[in-house]
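The structure appears below as structure tokens.
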Amino acid sequence: MPLANPLMVDHLLFERDDRNVFEPINFTVDAGDILQIEGANGAGKTTLMRLLTSALQPTSGSILYQGEDIRRCRYEYLANILYIGHQSGLKMTLTAEENLSWMSPATCSGDDIRAALAEVGLRSYEDVPCHNLSAGQHRRVALARLLTSTATIWFLDEPFTAIDKQGVATLEALMRNHVDAGGCLLLSTHQDLALDGVRKYCVEPHKQRSLR
Amino acid sequence: MNNIGFLAYLRRDLLLAYRRRGEAASPLMFFLLVSTLIPLGVGPDSARLAELAPGIIWVMALLATLLSTEGLFAADHQDGTLEQMLISPQLVVMPVLGKVAAHWLVTGLPLTMVSPLIGLMLSLPEIAIVPMMISLAVGTACLSLVGAVGAALTVSLRKGGLLLSIVVIPLYTPVIIFGSATVQTAIDGINWLPPLAVLLAMLCAAIALCPLAIAGALRLVNSN
């Protein structure tokens with residue numbers, strides 16, 4: 001599963017309403033890396049995440065996956081990433097199990113799905129419609145995708161929101177296992193992680209923008 | 001590529017519709033209720049009703065479909081599943097087609113099934129019942145596809161309903177013309193296959209083109 005040179009971001013810029021959102025972004029991520037993306041509120045962390053998942057197209061600069069621009073190897077790249085954003089991506093009328101099973105690869109069996117839910121602390125909640133679950137439990141259902149996915153590169157936008165202490169520990173263990181197996185992880189959070197080897201990258205709001 | 005996206009989204013949207021049966025049945029209720037008002041407004045004269053029936057049934061079917069089109073992508077946009085769909089490693093047209101197919105199965109198809117009842121109420125001649133059902137089945141599929149383009153374009157607007165109608169109704173006109181023509185020619189005792197063939201041709205074109213337009217519109221809306 002380790003990839004050579006999985007992700008390289010070169011001079012990435014994104015304009016919104018004719019203004020750059022942030023200062024040019026440059027970083028590389030290797031197999032086994034954890035990159036924590038920091039920045040003030042509104043600095044553009046989520047925008048960066050969405051650029052990295054190709055939901056947005058950069059104004060200039062490039063994102064290279066194994067040395068190749070992601071616009072040229074789009075499906076290969078998308079098959080190997082997992083993005084969990086602010087919005088949980090859950091359907092409130094479906095049960096936890098139904099939500100997870102349609103978001104997971106088709107190769108996942110029902111047992112895999114239930115095991116993943118048990119792992120994130122939702123045993124016996126499989127058949128509960130999501131509108132009866134709490135905010136933290138919604139987050140846990142979304143994060144159970146980390147267990148069913150086969151992706152190498154994870155993008156997690158504020159994964160710890162609404163998660164309790166014990167849940168944070170579970171999540172950190174999952175992250176540790178993932179990078180130990182050669183995966184890589186980019187996450188944006190304001191919280192300090194209890195993991196070693198976390199590199200930090202700070203997103204700076206564009207100077208002209210902050211002058212206004 | 002593959003049809004996994006198609007089946008997964010078709011199944012999920014059908015399940016969602018089943019969980020919200022009341023909401024899913026509202027276009028059908030609209031179709032039934034408004035159609036019962038027509039004989040009250042026009043009067044019980046069956047000759048006059050029969051004359052108006054093809055047009056009325058088609059206009060009602062069109063409005064009922066339009067009513068349900070607005071929410072086609074709105075919920076997905078709000079809860080973030082739309083974004084997940086756009087970054088899934090497959091052609092976006094497959095999930096889109098799955099969603100539209102599910103929409104037709106919960107609106108167009110039931111509407112077609114109850115249409116003989118409306119036909120009876122509007123004294124539609126028996127000979128026109130089968131052509132009406134076939135034309136509605138084909139036509140509502142066209143309406144679902146075309147309506148989905150409008151729904152995709154207006155997905156990020158809070159009150160997109162009016163704009164959706166303005167975008168979509170001009171595109172609905174060929175469908176309603178050939179749909180009601182199929183029923184009318186059947187009543188007149190002429191061969192009703194030619195207008196139906198045109199309707200089928202429109203469905204083929206819509207299946208080929210609309211998913212591309214929908215996928216493009218969704219990407220556009222999602223890109224800021």
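The values are calculated or read from the model by the stated rules, or taken from the named source; none is laboratory data. Nothing here was measured: the structure is a model prediction, and the numbers come from that model. Using ideal geometry, Cβ is built from the backbone for each residue, glycine included, and neighbour counts are taken over all protein chains shown.
The table for this structure:
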read-out: Filter result (touching a residue at least 60 places away in the same chain (Cβ under 8 Å) and either charged (D, E, K, R) or farther than 23 Å from A:T107 by Cβ (or both)) within the range A:127-160; value: A:R145, A:D157, A:E158, A:P159
read-out: Residue identified as surrounded by 15 or more Cβ atoms within 10 Å (Cβ to Cβ) and not β-branched (V, I, T) among B:R19, B:R48, B:R11; value: B:R19
read-out: Selection status of B:L52, more than 14 Å from chain A (Cβ to nearest Cβ), among the aliphatic types (A, V, I, L, M) and in a helix (DSSP H, G or I); value: yes
read-out: Flag if B:G5 is modelled with pLDDT under 90 and on the phi > 0 side of the Ramachandran plot; value: no
read-out: Scope the range A:14-44; condition of a type in the set (A, V, I, L, M) and more than 13 Å from every other protein chain (Cβ to nearest Cβ); matching residues; value: A:I25, A:V29, A:A31, A:I34, A:L35, A:I37, A:A40, A:A43
read-out: The range A:82-102 - residue that is of a type in the set (V, I, T) and more than 8 Å from chain B (Cβ to nearest Cβ) and, of those, farthest from B:D79 (Cα to Cα); value: A:T95
read-out: Positions within the range A:164-197 being at pLDDT 90 or above and under 20 Å from A:G39 (Cα atoms), in sequence order; value: A:L185, A:L186, A:L187, A:S188
read-out: Among the residues listed as B:A137, B:A141, B:A148, the single one being surrounded by fewer than 23 Cβ atoms within 10 Å (Cβ to Cβ), in a helix (DSSP H, G or I) and more than 12 Å from chain A (Cβ to nearest Cβ); value: B:A137
read-out: Number of positions in the range B:64-110 that are assigned to a loop (DSSP other than H, G, I, E, B) and under 12 Å from B:V155 (Cβ atoms); value: 1
read-out: Any pair with Cβ under 6 angstrom, 6 or more apart, that starts in the range B:205-224 at a residue that is within 14 Å of another protein chain (Cβ to nearest Cβ) and ends at one that is surrounded by 14 or more Cβ atoms within 10 Å (Cβ to Cβ) and assigned to a helix (DSSP H, G or I); value: B:A215/B:V93; B:A215/B:V96; B:L218/B:A152; B:N222/B:L86
read-out: Matching residues, the range A:45-57, being more than 11 Å from chain B (Cβ to nearest Cβ) and out of contact with any Asp or Glu (no Cβ under 9 Å at 6 or more places or on another chain); value: A:L48
read-out: Where A:E76 falls short, out of the listed (1) of a type in the set (D, E, K, R); (2) within 14 Å of chain B (Cβ to nearest Cβ); (3) out of contact with any strand residue (DSSP E or B) (no Cβ under 9 Å at 6 or more places or on another chain); value: (3)
read-out: The lone exception for B:I190 - which of (1) touching a Leu at 6+ places or on another chain (Cβ under 8 Å); (2) among the hydrophobic types (A, V, I, L, M, F, W, C); (3) in a loop (DSSP other than H, G, I, E, B) it fails; value: (1)
read-out: Of all residues making up the range B:61-83, the number that are more than 26 Å from A:H138 (Cβ to Cβ) and either among the aliphatic types (A, V, I, L, M) or touching a Lys or Arg at 6+ places or on another chain (Cβ under 8 Å) (or both); value: 6
read-out: Residues within the range A:106-135 that are within 14 Å of chain B (Cβ to nearest Cβ), surrounded by fewer than 17 Cβ atoms within 10 Å (Cβ to Cβ) and not in a loop (DSSP other than H, G, I, E, B), tallied; value: 4
read-out: Selected residue (criterion: nearest to B:A137 (Cα to Cα)) from residues of the range B:16-49 that are part of a helix (DSSP H, G or I) and within 14 Å of another protein chain (Cβ to nearest Cβ); value: B:A24
read-out: Scan of the range B:83-107 for residues that are among the β-branched types (V, I, T) and either at the interface with chain A (Cβ under 7 Å from one of its Cβ atoms) or touching a strand residue (DSSP E or B) at 6+ places or on another chain (Cβ under 9 Å) (or both), ordered by number; value: B:I87
read-out: Pick from the range A:171-207, criterion part of a loop (DSSP other than H, G, I, E, B) and without any contact (Cβ under 8 Å) to a residue 12 or more places away in the chain, ranking: surrounded by the most Cβ atoms within 10 Å (Cβ to Cβ); value: A:D192
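Residue-by-condition table, conditions (1) out of contact with any Gly (no Cβ under 6 Å at 6 or more places or on another chain); (2) of a type in the set (A, V, I, L, M, F, W, C); (3) surrounded by fewer than 23 Cβ atoms within 10 Å (Cβ to Cβ); (4) closer than 22 Å to B:I87 by Cβ:
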{"residue": "B:G160", "(1), (2), (3), (4)": "yes, no, yes, no"}
{"residue": "B:T173", "(1), (2), (3), (4)": "yes, no, yes, no"}
{"residue": "B:F178", "(1), (2), (3), (4)": "yes, yes, no, no"}
{"residue": "B:T182", "(1), (2), (3), (4)": "yes, no, no, no"}
{"residue": "B:L203", "(1), (2), (3), (4)": "yes, yes, yes, no"}
{"residue": "B:C210", "(1), (2), (3), (4)": "yes, yes, no, yes"}
{"residue": "B:G216", "(1), (2), (3), (4)": "yes, no, yes, yes"}
{"residue": "B:S223", "(1), (2), (3), (4)": "yes, no, yes, yes"}
